[in-house]
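Below is one structure, written out as C-alpha cells; the observations come after it.
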C-alpha cells in the first residue's frame, strides 16, 4: 500500500492487491440514514471490482423515510406509496475506502446517494446535506474543521441479554463515578483498547479515551479533520464500537440519557474555520470578525437547529441542572456550564458546542452548525457578551428547547434554515422529528405502569 495513504485507507489499486492476496473478501458499501446509522450491502470482493466500483449500486429509497423500527412512514414527499418506493443510486466515494479491521477480511466504503435516473445528489440525504453546507462555506472563502468527542456507557451485558432484561438492571463496567480514574478504566481496556486499535488501523485516528463521570461511562476523542471526513469517521467509529462490543459479548450505548439518576452522554462538537491560505480564521478570538460572526449566527439559531443536536424525545432528558449538559444558551471561555465553550489558543482556538448528544447524526449536526454560522458571517451577527460564572444559575439567559416538539416547531419556523437547506429538506426533517415525537407519545412505558397500574 502506498506510504502516502493514511493508515488503513485504501485505493482501488491497493484494494485489488489485497483481494488478490486473499486479505479482503467482502466490501461493505454503506451510507448514513436519517439517524446516522450505516445501512447498505455486503458485496463480494470480485463483484465489487467488476461492477459496483464502476456502476455503483441501488437501494430502496424508503431508507430515507423509515423510523428506527423500519416502519414505513407516510407523509414524506421524497418517497411514498404513490411513488412506489423505488430505488436510488449509491455512488461509492473512494476517498472513504478503508479496511474495517474489526471485521474478518472486510473493507468499507461510504456512498453518496443520487437519483436513479439522472444521478443528481439527493438533498435530504445526510451526507449530501453536509456537503451542500460545506460548498456554501467555501463560496465565502472558508473551510471548516471539526472534532467529535463522544461519550458512551459500557455494559457487561450483551445486547441480547439487555433485550431479554427489557433494558432494566443492566450491569455497567464499574459501580462508582470514574472521571479520569485510571484504575477503573484499566478494567475496561479489553474493549476500549480494541476500539482504539481497530479505529487507528482503519483510517479513524483516535487521540485518547478516558473515564467519564458515570459508572461505566467513557469518552473517546477522534482526531480533528475537515468536517466531512470527521462526520465519516464519527459514524464508522460508532458502528465499529458496537460491533466490537457485540463480538466480546458486551454492549455499548450512545443513548443520550439511559438512566434517570446518571449523567447523559454528549457529542461535544468542536469547530473552526480556515481561510483560503489555510490560516485559522478563529486564531484572533474576539478580534476576528469570522470568529464573532460565526459564533453569533450559531448562537442566534441554536434553538432552531436543536433537533439536529437532540433528535429524539430522550435527547432532551440529558439537559438537566448541573448535569454537565447545557440548559441555557451562552458562550464562555473554558466554562463547562455554557452551551458554547471557547477552548484552545492561536491556531487551535475553536468553538465547542456542548449542545449535541451522543445520539446526534453528525452529518446533520455539523451541517446545522455551518448553516447557522454562515448566516452569522453573511449578516455580521454579533454574539451576546461573553458570560462569566455559572450558566445554570442565570435565569435571564435563553434556554434550550424543553422537548423535541418545541424544538421541531422552531425548526419548522426558521426562515434561515429554509433558505439554507431548502423547504423540501426542512419539511422532510420536520416530518421525521414529529414522527419520533408521535411514536413516543403513543407508547405506554414501564414508568406509567409502575405509577398508575395500582394507584392510578
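The values are calculated or read from the model by the stated rules, or taken from the named source; none is laboratory data. Here the structure is a predicted model, which means the values were calculated and not measured. Neighbour counts are summed over all protein chains in view; Cβ atoms, including those assigned to glycine, are modelled from backbone coordinates with ideal geometry.
A few comments on the model shown:
- Meets criteria (assigned by TED's automatic domain parsing to the domain that holds residue 315 and closer than 30 Å to residue 121 by Cβ) for residue 399: no
- Positions within segment 389-412 being exposed (fewer than 13 other Cβ atoms within 10 Å of the Cβ) and either in a helix (DSSP H, G or I) or out of contact with any helix residue (DSSP H, G or I) (no Cβ under 9 Å at 6 or more places or on another chain) (or both), in sequence order: 389, 390, 393, 395, 396
- You will find that of 61, 112, 67, the residue that is touching a strand residue (DSSP E or B) at 6+ places or on another chain (Cβ under 9 Å), more than 30 Å from residue 20 (Cβ to Cβ) and either surrounded by 15 or more Cβ atoms within 10 Å (Cβ to Cβ) or not assigned by TED's automatic domain parsing to the domain that holds residue 22 (or both) is 61 and no other.
- The one condition from (1) in a strand (DSSP E or B); (2) within 24 Å of the chain's Cα centre (by Cα); (3) at negative phi that residue 43 does not meet is (2).
- For residue 103, the requirement of being in contact (Cβ under 8 Å) with a residue 24 or more places away in the chain, assigned to a helix (DSSP H, G or I) and under 20 Å from residue 237 (Cβ atoms) is not met.
- Filtering segment 431-456 to residues that are surrounded by 11 or more Cβ atoms within 10 Å (Cβ to Cβ) and closer than 15 Å to residue 69 by Cα leaves 432, 433, 435, 436, 437, 438, 439, 440.
- Strands (runs of 3 or more DSSP E) within segment 159-269 that include 2 or more residues within 17 Å of residue 146 (Cα to Cα) and free of Cβ contacts under 8 Å to residues at least 60 places away in the same chain: 206-211
- Leading residue by the ranking (nearest to the chain's Cα centre (by Cα)) among those in segment 342-383 that are in a helix (DSSP H, G or I) and modelled with pLDDT under 95: 348
- Restricted to segment 18-31, and to residues there that are in contact (Cβ under 8 Å) with a residue 24 or more places away in the chain and out of contact with any strand residue (DSSP E or B) (no Cβ under 6 Å at 6 or more places or on another chain), the residue that is surrounded by the most Cβ atoms within 10 Å (Cβ to Cβ) is 19.
- Checked against the criterion of being surrounded by fewer than 17 Cβ atoms within 10 Å (Cβ to Cβ), touching a residue at least 24 places away in the same chain (Cβ under 8 Å) and within 24 Å of the chain's Cα centre (by Cα), the candidates 88, 94 yield just one match: 94.
- Answer residue from segment 154-207, given it is exposed (fewer than 15 other Cβ atoms within 10 Å of the Cβ) and touching a helix residue (DSSP H, G or I) at 6+ places or on another chain (Cβ under 8 Å) and is modelled with the lowest pLDDT among those: 176
- Failed item, numbered, when residue 216 is tested on (1) in contact with a helix residue (DSSP H, G or I) (Cβ under 8 Å, 6 or more places away or on another chain); (2) farther than 23 Å from residue 311 by Cα; (3) crowded, with 19+ Cβ neighbours inside 10 Å: (1)
- Selection status of residue 322, touching a strand residue (DSSP E or B) at 6+ places or on another chain (Cβ under 9 Å) and surrounded by fewer than 20 Cβ atoms within 10 Å (Cβ to Cβ): no
- Condition broken by residue 386, with the remaining ones in (1) farther than 30 Å from residue 33 by Cα; (2) outside any loop (DSSP other than H, G, I, E, B) satisfied: (2)
- If the condition is being part of a strand (DSSP E or B) and either outside the structural domain of residue 407 (by TED's automatic domain parsing) or buried (at least 19 other Cβ atoms within 10 Å of the Cβ) (or both), then segment 273-307 contributes 273, 274, 280.
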